[in-house]
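Worksheet: the structure to be examined is printed underneath.
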Amino acid sequence: MHTISSELIKVGIVDDNKSTVSSLQEVLSYAPKIKVVLTAKSGDDLFEKLKFADTEGLPDIIITDVNMPGMSGIEVVRQGKALYPSIRFMMLTVFDDNKNVFQAISSGANGYILKKTPPGKLLEYIAEAQSGGAPMTSSIATQVLKMFSSMNNEKGEDYNLSDREKQ
């Protein structure tokens with residue numbers, strides 16, 4: 001379990017659903033070491049706001065939904081990582097399908113969390129991402145492991161793993 005460091009974690013939220021943004025802001029307001037410094041209703045809105053932010057005002061972590069009008073959250077991650085490599089991006093979504101998970105990770109997402117995650121766990125995940133981890137809801141982590149396992153089986157390589165390691 002990761003604990004929130006003594007440094008302030010600056011968070012940005014990108015979601016087209018106003019009630020989701022409000023709920024996240026409320027949850028994050030209870031963490032003394034987390035501060036929401038930016039909210040955006042779309043990817044375009046985010047990048048417009050980031051253009052005018054000074055280095056000190058940039059978020060450490062941006063939490064983004066996958067499905068938004070215009071630019072998807074996956075595209076937000078892809079472009080964001082290219083433009084702002086120091087920012088970590090976490091997906092917070094209802095989508096738990098292989099395609100979205102794989103595309104998000106391939107685009108550089110630092111975490112993939114489902115919206116049904118309890119608030120306390122969400123705070124832990126933010127701290128984990130800030131400290132260099134790659135937080136994932138357990139069901140997503142299971143999917144990722146299965147995806148890699150099936151990719152391994154398709155190639156026919158076993159990498160000399162023991163039966164226990166394969167399991």
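The values are calculated or read from the model by the stated rules, or taken from the named source; none is laboratory data. Only a predicted model underlies this, so the values are computations on that prediction, with no experimental measurement involved. A quick note on method: Cβ atoms are made from the backbone with ideal geometry, for glycine too, and the neighbour counts reach across all protein chains shown. We work out accessible area using only protein heavy atoms, side chains counted, and drop any ligands, DNA or RNA first. Shrake-Rupley method; radii C 1.70, N 1.55, O 1.52, S 1.80 Å.
Expressed as a whole percentage, what fraction of the accessible surface of the range 14-163 belongs to carbon and sulfur atoms when a 1.4 Å probe is rolled over the protein heavy atoms?
Working: 4210 of 8000 Å².
Answer for the range 14-163 is 53 percent, counting heavy atoms of protein chains only.
Cβ-Cβ distance of F148 and Q25, R₀ of 25 Å, FRET efficiency by 1/(1 + (r/R0)^6): the value works out to about 0.10.
For the pair K121 and F52, a Förster radius of 35 Å applied to the C-beta separation gives a FRET efficiency near 0.60, rounded to the nearest 0.05. Taking 0.36 nm per residue of separation and subtracting the Cα-Cα distance, full extension of the segment from N17 to K33 would add 3.3 nm. Each principal axis of the Cα cloud of the range 1-97 was taken in turn, and the coordinate range along them, longest first, works out to 36, 29, 24 Å.
In the assembled protein chains, D96 presents an accessible area of approximately 70 Å² (probe radius 1.4 Å). Could you work out the longest stretch of the chain that avoids the GluC sites (Glu not before Pro) located in DSSP loops with at most 15 other Cβ atoms within 10 Å? Here the longest segment lacking exposed loop sites spans 8-156.
The residues of the range 74-150 have, on average, 46 Å² of accessible surface per residue, using a 1.4 Å probe with all protein chains present. Along the chain, the longest continuous region that contains none of the chymotrypsin sites (Phe, Trp or Tyr not before Pro) in a DSSP loop with at most 11 other C-beta atoms within 10 Å is 53-158. Annotation for the range 90-114 versus the range 13-83: alpha-carbon center distance of 15 Å.
Normalised Debye scattering of the chain at q = 0.11, 0.13, 0.15, 0.19 Å⁻¹ gives log10 I(q)/I(0) of -0.46, -0.62, -0.80, -1.20, counting only Cα atoms as equal scatterers and leaving out solvent. Coordinate range of the alpha-carbon atoms in the range 105-149 per principal axis, descending: 30, 21, 14 Å. Note on K41: lysines with a C-alpha under 25 Å away, same-chain residues under 8 apart excluded, are K10, K18, K33, K49, K51, K81, K99, K115, K116, K121.
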